[in-house]
1. How much solvent-accessible surface does TRP137 expose, in Å² to the nearest 10, with a 1.4 Å probe and all protein chains in place?
2. Pop out the ³J(HN,Hα) list for region 24-29 in order, Karplus 6.51 cos²θ - 1.76 cosθ + 1.60 with θ = phi - 60°, rounded to Hz; leave Gly and Pro as x.
3. At 0.36 nm per residue, minus the direct Cα-Cα distance, what do LYS360 and THR120 gain on full extension? Give it in nm, one decimal, please.
4. Out of residues 5 or more away from SER55 or on other chains, whose amide H comes under 5 Å of its own, with H placed 1.01 Å from N in the peptide plane?
5. Round to the nearest 10 and report in Å² the accessible area of CYS139, as given by a 1.4 Å probe over the protein chains' heavy atoms.
6. Report, in cubic angstrom per residue, the convex hull volume of the C-alpha atoms of region 266-347.
7. Suppose R0 equals 35 Å; then what is the FRET efficiency for GLU40 and SER16 from their Cβ-Cβ distance, rounded to the nearest 0.05?
8. Can you pull the one-decimal nm distance between simple spin-label points at SER103 and CYS303, each 7 Å off the Cα toward Cβ?
Amino acid sequence: MSTATTSFFEPASVTSSGRPVLHQAEVECHLLSSVDLEPEPTTTANSLDFPALKSGLVILTTYRLLWLPSNVTTDNSNPIAIPLSSVTHIFSTKKSIKSMFHSPRIRFQVSIHSRSVVVTLVIRGKGDIDVFLTKFWDCWRGRAWEISNDSGGGSSSGSVPASGSVSGGGLYSSDGSVRLVGVSGILRKEQEMWESTDKSLQEAFHDLNALMRKAKEMVILAEKMRQKLLSGSSSQSSSGNDEEMGSKEEMQDWLLSVGIVSPVTKESAGAMYHQQLSRQLADFVRIPLEKAGGMINLIDIYCLFNRARGTELISPEDLLQACSLWEKFDVPVMLRKFDSGVKVIQNKSHSDEEVFARIKNLVSKPEALRSGITASDAAMTLGIAPAMAKEHLLTAESKGLLCRDVSPDGFRFFINLFPEISSDDIHLVKDHGIYSMWIKSR
């Protein structure tokens, strides 16, 4: 990308999976694929002429217009961001016979640092241009970047009554109305409470968009609280109470799972829904994988991901298709299927050899040599779920590291002693080795 482009437009940050890094309270609104970004030639002295950006992904948010190259990891072009606050005019599209034979175009003017340019979006891919243009107008006029998300500072509606008002008792209440006592007072109080609750519900459900905005505000507030807890825990001394630290970590986990501020939806992503869902999922599973030891069941991720998405639920088929697309993207996670048919998500850096070494060390202990181990024993050692531990034990058995004993009590796994038994003399016991340890443990 040229110096003129990078100096005029802001660089945009992306995650390891190619998803844009959004600002606080920023929400995705629409996506278009195969879009060229071209400047309109002009002779004005303070105008800017930058080289055209070809065949990228345009993401419209409440704050910015993002342009990402089709392949972020290999493309020479860098992602850029055009703040909607710098857009001074959006030109209306004109319908003509000529436009029927050309790619749809959207023109708007950008002014930054006393320099301006008319930018043209040439949409060469499939997408609803009218919907995108409508949302472009809505986001630009909405000016969400000007709305302060600060919740500090009290309001007058929740202020404490003046000291001269009657609060402890008497015939009249603080607002001058006659105070009701006894059963009638209780019933009146209940009635007022129900009326207040009903009014709040009517306000919340009056408009679905208003309800979603309230939900997004709660997610933003939860993220603020989580960041505050993280900064607080890092600044504390090492002599803190373990129980208190555990409570803070639990609170952080709870706030982290409150929700995704801007989930990918079919409405916003259109034809690129599964691709963008796949990238967002790759970013989401990073923290659950770290807590689960590098591998987690697909069903668990389905529950966690849907809980984080709130009302924008996805189907199991959408999740499976999103996971299967990871092979085409350069992401650090992958979908794995065990021989038993169980599907899991794991880090690409996850090593089966390391897991097998820990299992072999576990089954080589004297007690395990006598009675074997179960999936629960392996789960405690590996720090994973028993279902995942069982799959590792079965895989280790298929590699010849373990032997399985099936009984009414379930599966028990023992270390495989057959490689140490000599075919020439099966009664020969070497002085050193697992076979010798097994005989001594009997």
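The values are calculated or read from the model by the stated rules, or taken from the named source; none is laboratory data. Please read all numbers here as calculations on a predicted model, not as lab measurements. So basically every Cβ, Gly included, is an ideal-geometry build from the backbone, and we count neighbours across all protein chains shown. With ligands, DNA and RNA removed, areas are computed over all heavy atoms of the protein, side chains included. Shrake-Rupley method; radii C 1.70, N 1.55, O 1.52, S 1.80 Å.
1. 60
2. 5, 6, 7, 10, 6, 10
3. Values: separation 240, 0.36 × 240 = 86.40 nm, distance 6.28 nm.
Using 0.36 nm per residue and subtracting the Cα-Cα distance, I get 80.1 nm.
4. Under 5 Å from the amide H of SER55 lie the amide H atoms of VAL35, ASP36, LEU37, each far enough along the sequence or on another chain.
5. Surface open to solvent at CYS139 totals about 20 Å².
6. Values: hull volume 7.6 nm³, N = 82.
So the per-residue Cα hull volume is 92 Å³.
7. Working: r = 35 Å, r/R0 = 1.01.
Rounded to the nearest 0.05, the efficiency is 0.50.
8. Distance between label points: 4.6 nm.
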